[in-house]
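Student: First, the structure itself, so that you have it in front of you.
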Amino acid sequence: MSNRKAVLFVNGEAGDLTRLPLEPNDYLIAVDNGWRHLSALGLLPQLLIGDLDSLPASAQQAASEHAIETLRYPVEKDQTDLELALNVAVQRGFMRIMLACALGGRLDHTLGSLSLLARPDLAQKEVWMEDGLCEVRLTRGELSIATEPGDLVSLIPWQGDAHGIHTEGLYYPLNNETLHIATTRGISNLALGASVSLSVRSGTVLVIHYHQPRTEEGKFDE
C-alpha cells in the first residue's frame, strides 16, 4: 500500500469541515450516516459501511445509484460501526487513517472511539482523529504536530502513568517528567510556534490539539 490515506467519516459532530486535511487521492469511507459530512463537502465515498440504522433512505439510494461498495452489518453486533470500518481500513493495508468527525454526541461513543486509538495493531500506523477544530493523537514514543501560536494542547496519560516525557514548543515544558493517571497536570498547555513535539519513554499519552477558530473573514481569532 502506498502512502494513500483512508478517511473514515463518522456520524459525530463536525468542527470545521473545510479545514480537514483532505488529499485528492484519499480513500473515503462513510461510516453509516457519516455520509452527511461527505455530502456537506460535495463528496461521495468509495465505501459505505455500518448497520445503516441512521442513514437516510435518500443516501442509501444515492449509494446504489453510484454503485458505491457497501458493507452492511446487523444492528445487533459486538462492535461499533467505527470499529468495523477501522478493521476494514487496516485489512486493506492503509498505514495512514484519519477518523473524521468521531467526537461529540454520546459520551459512551466518544470514549469508545478514543479507546480504539490504543489498539496494538495500530502502533506502527498513523491513526488520528480530526474534525477541523480538534485533533487527537495517541503516542507511545515520539510525535510532532503542526500548530499555530496560542493553540491549546493537552497531554493526558492513557491507560496508566506515562514516564520520561519531554516536550518542545509548549509554554509549560516537560523535561523527562511523569504524567500520572487520574491527574490533570497536562491539561490546557499552549503552543508557542509552528510545531509541538514530544517524546515518551514509557506509557502512552493522548494529545488533544485545538486549532484556533477562524473569524468570518477567514482569519484566526486572536
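Student: Any idea what the relative contact order of the range 5-132 is, in percent, if you count C-alpha pairs under 8 Å spaced at least 6 apart?
Tutor: Numbers: 221 pairs, mean separation 42.9, N = 128.
Over the range 5-132, the number comes to 34 percent.
Student: Just the C-alpha atoms of the range 22-74: what Rg/Rh do they give, with Rh taken as the Kirkwood radius? Intermediate results must be reported in sequence, preceding the final value.
Tutor: Details: Rg = 10.4 Å, Rh = 11.1 Å.
Radius of gyration over Kirkwood radius for the range 22-74 works out to 0.94.
Student: Direction-averaged shadow area of the convex hull around the Cα atoms of the range 6-109, nm²? Present the calculation step by step, with values, prior to reporting the outcome.
Tutor: On the way: hull surface 26.6 nm².
Its Cα hull, projected and averaged over all orientations, spans 6.6 nm².
Student: In whole Å, how far is the Cα centre of the range 74-146 from that of the range 1-25?
Tutor: So the separation of the two Cα centres works out to 12 Å.
Student: For residue 27, what charge total do you get from the other residues with a beta carbon under 15 Å from its beta carbon, if Lys and Arg give +1 and Asp and Glu give -1?
Tutor: On the way: positive: 4, 5, 92, 96, 125; negative: 23, 26, 69, 126.
Around residue 27, the charge tally is +1.
Student: Once phi is turned into ³J(HN,Hα) by the Karplus curve 6.51 cos²θ - 1.76 cosθ + 1.60 with θ = phi - 60°, what whole-Hz value does each residue of the range 140-157 show in order, with x for glycine and proline?
Tutor: 10, x, 10, 8, 9, 10, 7, 9, 10, x, x, 4, 8, 10, 10, 10, 10, x
Student: Just order 61-70, 76-85 by mean Cβ neighbour count inside 10 Å, highest at the front, would you?
Tutor: Working: 61-70: 12.6, 76-85: 16.7.
My ranking of the peptides, most packed first, is 76-85, 61-70.
Student: Given Cα pairs under 8 Å that are at least 6 residues apart, what percent is the relative contact order of the chain? Numbers along the way, then the final one.
Tutor: Working: 480 pairs, mean separation 42.5, N = 222.
It comes to 19 percent, rounded to a whole number.
Student: Sticking with this one: Placing unit charges on C-beta atoms (Lys and Arg positive, Asp and Glu negative, everything else neutral), compute the dipole magnitude of the range 108-222 about its Cα centre in debye, rounded to 20.
Tutor: On the way: 8 positive and 16 negative charges, 99 e Å.
Approximately 480 debye in magnitude.
Student: Once both axes come from the Cα atoms, what is the angle between helix 107-116 and the longest principal axis of the chain, in degrees from 0 to 90, rounded to 10?
Tutor: The two axes meet at around 80 degrees.
Student: Here is a further query. As an exercise, take the mean of 1/r over every pair of distinct alpha carbons in the range 103-222, invert it, and state the Kirkwood radius in angstroms.
Tutor: Values: mean 1/r = 0.0673 Å⁻¹.
Averaging 1/r across every pair of different Cα atoms and inverting gives 14.9 Å.
Student: With +1 assigned to the C-beta of every Lys and Arg and -1 to the C-beta of every Asp and Glu, and no other charges, what is the dipole magnitude of the range 1-139 about the Cα centre in debye, to the nearest 20?
Tutor: Working: 12 positive and 19 negative charges, 76 e Å.
Here the size comes out at about 360 debye.
Student: Could you tell me the ratio Rg/Rh of the chain? Both radii from Cα atoms, Rh via Kirkwood.
Tutor: Working: Rg = 18.1 Å, Rh = 18.3 Å.
With Rh from the inverse mean 1/r over Cα pairs, Rg/Rh is 0.98.
Student: I want to verify the translational diffusion coefficient of the range 139-210 in µm²/s; compute it with Stokes-Einstein, Rh as the Kirkwood radius over Cα pairs, at 10 °C and 1.306 mPa s. If you can, show how the numbers build up before the last one.
Tutor: On the way: Rh = 11.7 Å.
Value of D from the Cα-based Kirkwood radius: 136 µm²/s.
Student: What are the ³J(HN,Hα) values, in whole Hz, obtained from phi via the Karplus relation 6.51 cos²θ - 1.76 cosθ + 1.60 with θ = phi - 60°, for each residue of the range 72-83 in sequence order, with x given for Gly and Pro?
Tutor: Computed from phi, the couplings for the range 72-83 are 9, 10, x, 5, 7, 8, 9, 10, 6, 4, 5, 5 Hz.
Here, each number is a calculation from the coordinates, and none is a lab measurement. Predicted, not measured: the structure shown is a model, and the values here were computed from it. We place every Cβ from the backbone using ideal geometry, glycine too, and count neighbours over all the protein chains shown.
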